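Report on the following structure.
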Amino acid sequence: MEHSTRLAHISEDGTRTQTVYDHLAGTARLAGSFAAPFGAQSEAEFAAWLHDVGKYSDAFQLRLKGGPKVDHSTAGAQEAWVRQHLHTAFAVAGHHSGLPDGGSPADDPGDATLFGRSKKPVAPYDGWQEVTLPASTPPAWACADPLSLAFFTRMLYSCLVDADFIDTETFMNGQAAPRGNSTALSSLLEKVRTKAAGYLAAQSPLPVSRQRNAVLRACMEKGAHSAPGLYTLTVPTGGGKTFASLAFALEQAAAQGMKRVIYVIPYMSIIDQTAAVFADLLGAENVLADYSCADYKSLEQEKLTPAQYRQLLASENWDAPVVVTTAVQFFESLYANRSSRCRKLHNIANSVIIFDEAQTLPTSYLLPCVSAIAQLVRHYHATAVLCTATQPALEPYFRQFAPEMPLQEIVPDTATLYTTLRRTTLCDAGELTLEALTSQLCALPQVLCVVNLSLIHISEPTRPRLIS
């Protein structure tokens, strides 16, 4: 079948062209593959085939030759609207300008809401009939309640905009950018297993080492033999949580055919440290540290090394086997409406997500955070692990948003861990003289004595000099 010569893109040097049909087809292939892990391949393809049908118009073809700007997104959104695919209409309408507000039936054609744009006059785009739209029905759970529908719309939007960016980028560059091509998770798991074997074979007599190995062994066993779900990893400081949680994540990802591990950290101050540890073990090309102050984001593209350029590309859509990011970036992206922030969302699906220091989740935004985690685990083949020494009491909130998915502790007998790994003992020494205090501290160097300093009796005629 011959397709229209209507164009979607012209290369910057004017020597190459891409037809609208070829762009729609390429975007549909990518978008469908992105949505497959959460059962929405046909819906993503449906959205991709519609997203640029407005480019069939004479007005857009004139734009390619230097004419005035033209709205080419509204046409596809209206086609989805009349077919009652509202989530697709949202995604198509916002694939350049950002997800719009829904608005109300009273909105005028000039309003930027979805209701307004459904009434907006658009230039004729008759050539689009060469497109055959795939049969599509969204997953039943996607429309079960407003929260699930809103979340599904963002995920669908992510698939569409990332596919659109990549297909356009590939044409304009004349070749595919160096995205992906990282080491398989199964190979990364072998590196972790090799390192773990060294720890487990050491047979240290120290109780602390034995308990750290018990934590590591439990994480590896649970990861290899458990399904995606909600987990807690409650281990006191010094128990080896970072390496053990990575081992759990890679074991489960490999066993369940998942795509990546995402490590969510509350503080930028420890991202570099964590990413460096992972990169040293797994290879720098397999670990993406995505945060606002990353060096590859502060340089002009021409000054980036090839490795930094690949990191920059991976940061756009989290196309890396191991991602280390901030809690702010993770949750703000899930509730964003701009294409640049939402491109990565579909790659959170089918991942093991470790929430380090989970007790730091902001109490002011606890419900949105918990509801987002619950959506990812319930519908997007993701695992969430709340990793901390001081586990927050989040079970009632998860029961609210995911009643069928209880929190499962990875390490049994956490009470023993806290006894064995105890580093300090707190005691109230009461009222002490300075000599008695000194004697206590010298006699018990590993004990922290909490003393009411205002009650210390100083018998010397002069006060002791304070040394800072």
If we ask which residues in region 397-411 are free of Cβ contacts under 8 Å to residues at least 60 places away in the same chain, under 12 Å from S371 (Cα atoms) and not aromatic (F, W, Y), their number turns out to be 3
When S226 is run through (1) part of a loop (DSSP other than H, G, I, E, B); (2) under 30 Å from Q400 (Cα atoms); (3) open to solvent by 20 Å² or more (accessible area, probe 1.4 Å); (4) at pLDDT 90 or above, the failure sits at (3)
Margin query: Against the condition farther than 25 Å from G257 by Cβ and touching a helix residue (DSSP H, G or I) at 6+ places or on another chain (Cβ under 8 Å), how does T168 come out, does it pass?
Written below: yes
How many residues of region 173-187 are part of a helix (DSSP H, G or I), small (G, A, S) and within 12 Å of R260 (Cα to Cα)? The answer is 1
ask   = With respect to V411, is the statement that it is buried (at least 21 other Cβ atoms within 10 Å of the Cβ) and either over 16 Å from F330 (Cβ atoms) or modelled with pLDDT of 90 or more (or both) true?
value = yes
Of the residues in region 237-252, those that are more than 18 Å from V323 (Cα to Cα) and open to solvent by less than 10 Å² (accessible area, probe 1.4 Å) come to G239
By residue number, the members of region 326-353 that are assigned to a helix (DSSP H, G or I), in contact (Cβ under 8 Å) with a residue 40 or more places away in the chain and buried (at least 19 other Cβ atoms within 10 Å of the Cβ) are A327, F330, L334, S339, C342, L345, H346, N347
With the first residue restricted to region 29-46 and required to be polar (S, T, N, Q), and the second required to be modelled with pLDDT of 95 or more, Cβ contacts under 6 Å at 6 or more apart or on different chains are Q41/G32; Q41/A35
Within region 373-401, the count of residues that are of a type in the set (G, A, S), closer than 14 Å to F355 by Cα and surrounded by fewer than 21 Cβ atoms within 10 Å (Cβ to Cβ) comes to 1
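Here's the yes/no breakdown for (1) under 27 Å from L147 (Cα atoms); (2) more than 16 Å from the chain's Cα centre (by Cα); (3) among the β-branched types (V, I, T):
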| residue | (1), (2), (3) |
| --- | --- |
| D272 | no, yes, no |
| L282 | no, yes, no |
| E285 | no, yes, no |
| A294 | no, yes, no |
| L304 | no, yes, no |
| A320 | no, no, no |
| S340 | yes, no, no |
From the option list R210, R154, R179, single residue qualifying as closer than 27 Å to A91 by Cα, of a type in the set (K, R) and surrounded by fewer than 21 Cβ atoms within 10 Å (Cβ to Cβ) is R179
Over region 1-51, the set of residues in a loop (DSSP other than H, G, I, E, B) and touching a strand residue (DSSP E or B) at 6+ places or on another chain (Cβ under 7 Å) is H3, S4, T5, R6
Scanning region 62-106 residue by residue, those closer than 22 Å to I166 by Cβ and assigned to a helix (DSSP H, G or I) turn out to be L64, G76, A77, A80, H87, T88, F90, A91, V92, A93
Across (1) assigned to a loop (DSSP other than H, G, I, E, B); (2) free of Cβ contacts under 8 Å to residues at least 60 places away in the same chain; (3) touching a Ser or Thr at 6+ places or on another chain (Cβ under 7 Å), R117 clears everything bar (1)
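The values are calculated or read from the model by the stated rules, or taken from the named source; none is laboratory data. This structure is a prediction, so every number in the text was calculated from the model and none was measured. Backbone-built Cβ (ideal geometry, glycine too); neighbour counts: all protein chains shown. These accessible areas exclude ligands, DNA and RNA; they are computed on the full protein's heavy atoms, side chains included. Shrake-Rupley method; radii C 1.70, N 1.55, O 1.52, S 1.80 Å.
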